[in-house]
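Please read the structure below before turning to the comments.
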Amino acid sequence: MASCREDDDTVDQVMPPDKKYTPTPYALELPPHFNYINSPIIPADNPLTVEGVALGKKLFFERMLSRDNSISCASCHAPSEAFNDQGMVRSLGVGGTLSIRNAMPLFNLAWGSVTSRRFNWHGSTTTLEQQAFGPVRDPLEMQESWVNVASKLQGTMDYPRLFEKAFGTNIIDSNLVVKAIAQFERTLISGDSKFDRYFLETQEGINIPGDNSLTPAESRGFDIFMAEGSGDCFHCHGTPFQILWTTNEFVNNGLDANPDSGLAWITKNALDVGRFKTPSLRNLAFTAPYMHDGRFATLDEVVEFYNSGVNVNSPNIDGRQKPRNLTVQQKADLIAFLNTLNDSSFVTNPAFRP
Amino acid sequence: MNFKNSILSVLALSILTFSSCEDDNEPVVMQEPMSAKNTTILNDTSNYTATINLTQLANNSALRMNTTDHPYTNALNQSFNVTKLQYLISDVTFFLNDSTIIVDSGYHYVDLTNSTSLTYMIKTKIPAGTYSSVGFTFGFDEEDNISGAYTDLNTLGWNWPAIFGGGYHFLRLEGEYLDSNNTSAEFKTHMGTASDGSAMPRTNEINHFDVILPNSNLTVSSDFSFDIEMNIEEWYTNPIDWDFNVWNAPVMPISAAQKALNSNGSSVFTFKQQ
């Protein structure tokens, strides 16, 4: 818990001694090319503050959120892995219970609801605040009640004071816990991959140290990605101007003839069976295994699935999912391009560590 | 139909206003350079709000989406349904009885899953008067079809790939048709820049079209509204009968398909005022 003291110090430094509740607005630093897309979605009732983000980070790494104080959010969402679960196909909850889906990586979530207005693989929540309620009480994850969480936090020396600074009250309840966590999550911005630097140089004329040009293979892979009639990845995973590399829409990509219910679990609409949230293609080097159930260990497997392995008879399958007939060279080129979307500075950013 | 080509010189002078889609609320009033007359005398000098309802028709009724059957037929008697419809209009234009035109330089993205997108209140206030017709550009014209220029459309991933000429999609009309084996198959009619990959190097042609709505004369003396109706089957006929077995998906890289949509598009839209 040495990390907690560091956070406390940070908060203390920004607090004027004569006032109790004067949170400092937190200015989200966006990469320059993020001005190509809409502003991040910050709820009016949960603006980012320095104190709120710091508290949210502390809570994100807080094991008291789980029943036996064994795991935190970060246990399955590790900053070194783009907040994914370190190669786990499915994550382990308290006592080693196996969750039903692959843990999603966490970044650029402030835009996560711009089109689909939903979070999680199966779209179970519509805000980040709402999302944070789930894992704590999930019987396969943290297995704790929110009453207990609030009670445990209330009984500490530091949390009541930190909530006071962030929200103006030292009475801790779940609504404030999820607000703080959501604030922290909105600061997790990834936009410094090789392709980002290439885009900034070629589109914006911004000089960035180093060679940021695409190799011939990466360039060919980009064309395959963007071409309907070839890879045609962009209709779901976005374009250079779309920045996020996902449209955030819910699609059945044809993994199974009898798919998991997916979004239909929430909407109860038969047309949503098999539809899952389209993940961003940023940071794939850190987020294996792939798909909602982590069935593919490598990008080669993923690309081969889209190339030749789609179950075309899957219900509600997206019509683009049919054999792409890419050559060995084209598949290698496509993967070369995908790897230009890895953002090493994101996974090593000290601001996201405890 | 190319009314804007006929006033190209005026356009060139107005290009700054024309290319800005965000913040100009003042009407852009243009006159054909050859015409000095402007004889309309308006007693009412007020400007009024125009609200456009974007409606969609198929088989002469309101379009039904996501049907389990295939209720519509194209000119080749191929049955189809519609599962997605998104499109873009811009530069709504009002033609006065003389040579004056008023252009609203905004754009509007329609997505049938978002009911608020079915109403478009243009920013330009329209002066009282009698107008001979109303028009608009389907998609973006060459001044406006600038890659990456519109944050809201970028966020939606509405961009048209640079390898196919760049800019933005104008249309996504998707659904299922019964193929030659009577099996349901998907079509994805996407429209944007017409790119010809058979040429070396690849050639790209602008592919928007200007619409002057038939029978769209109206008198403006108060805030007003009207419908721009999209008649779905017309995308697939008149003059070119579209064969879903040939052009289902992909059609973005097929120049002939893109140009067919451009040709057919001129009869897709109709005007209606309650």
Study note, to complete from the structure: Within the range B:122-176, the residues that are within 14 Å of chain A (Cβ to nearest Cβ) and assigned to a strand (DSSP E or B) are B:Asn159, B:Tyr168, B:Leu171, B:Arg172, B:Leu173, B:Glu174, B:Gly175, B:Glu176
Point to revise | Check on B:Ser117, within 14 Å of chain A (Cβ to nearest Cβ) and either assigned to a helix (DSSP H, G or I) or touching a strand residue (DSSP E or B) at 6+ places or on another chain (Cβ under 8 Å) (or both) | key: yes
Review point. When you look at A:Ile206, is it outside any helix (DSSP H, G or I), in contact (Cβ under 8 Å) with a residue 24 or more places away in the chain, closer than 27 Å to A:Ser345 by Cβ and more than 14 Å from chain B (Cβ to nearest Cβ), yes or no?
Key: yes
Exercise for review: Can you confirm whether the range A:90-106 contains a residue that is under 15 Å from the mean Cα position of the chain (by Cα), within 14 Å of chain B (Cβ to nearest Cβ) and aliphatic (A, V, I, L, M)?
Suggested key: no
Practice item. Answer yes or no: is there a residue in the range B:235-257 that is of a type outside the set (Lys, Arg), over 19 Å from B:Phe140 (Cβ atoms), in a strand (DSSP E or B) and over 19 Å from the mean Cα position of the chain (by Cα). Key: no
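Go through A:Gly56, A:Gly52, A:Gly87 for me and flag whichever is touching a helix residue (DSSP H, G or I) at 6+ places or on another chain (Cβ under 9 Å) and at pLDDT below 95.
Numbers: A:Gly56 fails: at pLDDT below 95; A:Gly52 fails: at pLDDT below 95.
None of the other options fit; the residue is A:Gly87.
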Review point. So which of B:Ser263, B:Ser225, B:Ser195 is of a type in the set (Gly, Ala, Ser) and under 30 Å from B:Pro127 (Cβ atoms)?
Key: B:Ser225
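Looking only at the range B:177-192, which residues are facing chain A (nearest Cβ under 10 Å) and under 23 Å from the mean Cα position of the chain (by Cα)?
Of the range B:177-192, the ones facing chain A (nearest Cβ under 10 Å) are B:185-188, B:190.
If the condition is that a residue be facing chain A (nearest Cβ under 10 Å) and under 23 Å from the mean Cα position of the chain (by Cα), then B:Phe187, B:Lys188, B:His190 are the ones that fit.
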Study note, to complete from the structure: Those residues of the range A:322-354 which are surrounded by fewer than 16 Cβ atoms within 10 Å (Cβ to Cβ), under 17 Å from the mean Cα position of the chain (by Cα) and not in a loop (DSSP other than H, G, I, E, B) amount to A:Ser344, A:Ser345, A:Ala351
Exercise for review: Please indicate, with yes or no, whether at least one residue in the range B:101-112 is away from chain A (no Cβ under 14 Å), part of a loop (DSSP other than H, G, I, E, B) and farther than 30 Å from B:Glu186 by Cβ.
Suggested key: no
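Can you give me the number of residues within the range A:213-239 that are part of a loop (DSSP other than H, G, I, E, B), surrounded by 17 or more Cβ atoms within 10 Å (Cβ to Cβ) and facing chain B (nearest Cβ under 8 Å)? Break it down into steps so the answer makes sense when it comes.
Step one: filter the range A:213-239 for residues part of a loop (DSSP other than H, G, I, E, B), giving A:213-215, A:227-233, A:238-239.
Filter once more, keeping what is surrounded by 17 or more Cβ atoms within 10 Å (Cβ to Cβ): A:214, A:227-228, A:230-233, A:238-239.
Narrowing further to those that are facing chain B (nearest Cβ under 8 Å): A:227-228, A:232, A:238-239.
So the answer is 5.
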Practice item. Scan the range B:197-216 residue by residue and report those that are within 19 Å of the chain's Cα centre (by Cα) and of a type outside the set (D, E, K, R). Key: B:Ile206, B:Asn207, B:His208, B:Phe209, B:Val211, B:Ile212, B:Leu213, B:Pro214, B:Asn215, B:Ser216
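The values are calculated or read from the model by the stated rules, or taken from the named source; none is laboratory data. Everything numeric in this text was worked out from a predicted model, so none of it was measured. Every residue, glycine among them, receives a Cβ derived from its backbone with ideal geometry; neighbour counts consider all protein chains shown.
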